[in-house]
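Worksheet: one structure, shown below.
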Amino acid sequence: MADEIPGTEIARNDLRASHQDRDRIVEVLRVAAGDGRLTAEELDQRLEVALTARTYGELATLVSDLPASPEAGLPPVAPVAPKELVRIETRSGSARREGRWTVPARVEVKVTSGTVTLDFTRAIITAPVLHIDAEVGSGNLTLITKPGIVVDTDDVSVRSGDVKVRAPWGHDVHEVLRVMVAGRVSSGNIKARPPRRSFWEWLLRRPRPYELSARGMDV
């Protein structure tokens, strides 16, 4: 099997990382945050993963969307091929896609009375368009976006529910992904919004994550 052949990308990604490897990635992340490439929240999330990472692949993923840095010193992470279709169905529970997940070409979502959350803030985007076919009963479908992600809900029919899209950064940000949502809402909700600040970030009056992201993309 290809996974067992020494010297392949997968084999290198599975090599165990040392404390020195983790320290190098931590430094790369801190520099990226200082340059405005990462928000404070993104930095905290990635540092937490970096300090507990076990393999080169886990570490390399944390810097895969940052400019190449000799300080990283890691083998390249093998790219994850996006799926053509992902189906998500909830009846009374919840389902989430968050962190470094690969955005597929199409998503079919059926929500009876639960909740489905698709968080795009750290997602791996490999194509300019994502099609979502949504059927929402009395539950909720939430899309967490960031500057550069445009959500189009013109093809959603609403019976007695609610469809709301918030993009407070305006229309001048370069578009990296267009999410085309189609389907129907019976009595539930479809919402697209930016990430929220934590209680401590709000208490310390830290800028909203999307404000930092928009500022970095305008440079």
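The values are calculated or read from the model by the stated rules, or taken from the named source; none is laboratory data. Keep in mind it's a predicted model, so treat the numbers as computed, not measured. Neighbour counts are summed over all protein chains in view; Cβ atoms, including those assigned to glycine, are modelled from backbone coordinates with ideal geometry.
In this structure, is residue 126 in contact (Cβ under 8 Å) with a residue 40 or more places away in the chain, surrounded by fewer than 16 Cβ atoms within 10 Å (Cβ to Cβ) and within 23 Å of residue 46 (Cβ to Cβ)?
Yes; evaluated as a whole, the condition is true for this residue.
Can you give me the number of residues within the stretch 96-111 that are loosely packed, with under 15 Cβ neighbours inside 10 Å and under 24 Å from residue 46 (Cβ atoms)?
So in the stretch 96-111, the residues loosely packed, with under 15 Cβ neighbours inside 10 Å come out as 96, 98-99, 105.
With under 24 Å from residue 46 (Cβ atoms) added as a condition, the list becomes 96, 98-99.
Residues flagged as loosely packed, with under 15 Cβ neighbours inside 10 Å and under 24 Å from residue 46 (Cβ atoms) within the stretch 96-111 amount to 3.
Within the bounds of the stretch 148-156, is there any residue that is over 20 Å from residue 111 (Cβ atoms), at pLDDT below 95, assigned by TED's automatic domain parsing to the domain that holds residue 105 and not hydrophobic (A, V, I, L, M, F, W, C)?
yes
Can you run down the residue pairs with Cβ atoms below 9 Å, 6 or more apart or on separate chains, where the first is in the stretch 101-113 and within 14 Å of residue 161 (Cβ to Cβ) and the partner is of a type in the set (S, T, N, Q) and modelled with pLDDT of 95 or more?
111/140
With the structure loaded, tell me whether residue 177 is at pLDDT 75 or above and closer than 16 Å to residue 115 by Cβ or whether it fails that test. Please lay out each step first, then the result.
Values: at pLDDT 75 or above: yes; closer than 16 Å to residue 115 by Cβ: no.
Against the criterion (at pLDDT 75 or above and closer than 16 Å to residue 115 by Cβ), residue 177 does not qualify.
Okay, residues lined up against (1) on the phi > 0 side of the Ramachandran plot; (2) among the hydroxyl-bearing types (Ser, Thr, Tyr); (3) surrounded by 18 or more Cβ atoms within 10 Å (Cβ to Cβ); (4) over 19 Å from the mean Cα position of the chain (by Cα):
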{"residue": "132", "(1), (2), (3), (4)": "no, no, yes, no"}
{"residue": "142", "(1), (2), (3), (4)": "no, yes, no, no"}
{"residue": "153", "(1), (2), (3), (4)": "no, yes, yes, yes"}
{"residue": "164", "(1), (2), (3), (4)": "no, no, no, yes"}
{"residue": "173", "(1), (2), (3), (4)": "no, no, yes, no"}
{"residue": "177", "(1), (2), (3), (4)": "no, no, yes, no"}
{"residue": "182", "(1), (2), (3), (4)": "no, no, no, yes"}
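Which one of 150, 158, 116 is within 15 Å of residue 190 (Cα to Cα), touching a Lys or Arg at 6+ places or on another chain (Cβ under 6 Å) and not polar (S, T, N, Q)? Can you show your working first?
Working: 158 fails: touching a Lys or Arg at 6+ places or on another chain (Cβ under 6 Å); 116 fails: touching a Lys or Arg at 6+ places or on another chain (Cβ under 6 Å).
Going through 150, 158, 116 in turn, just one is within 15 Å of residue 190 (Cα to Cα), touching a Lys or Arg at 6+ places or on another chain (Cβ under 6 Å) and not polar (S, T, N, Q): 150.
Just checking, which of 21, 3 is modelled with pLDDT of 70 or more and acidic (Asp, Glu)?
Working: 3 fails: modelled with pLDDT of 70 or more.
Going through 21, 3 in turn, the sole match is 21.
Residue check: is residue 86 in contact with a Pro (Cβ under 7 Å, 6 or more places away or on another chain), of a type in the set (A, V, I, L, M, F, W, C), at negative phi and buried (at least 18 other Cβ atoms within 10 Å of the Cβ)?
Values: in contact with a Pro (Cβ under 7 Å, 6 or more places away or on another chain): yes; of a type in the set (A, V, I, L, M, F, W, C): yes; at negative phi: yes; buried (at least 18 other Cβ atoms within 10 Å of the Cβ): yes.
So residue 86 passes the test.
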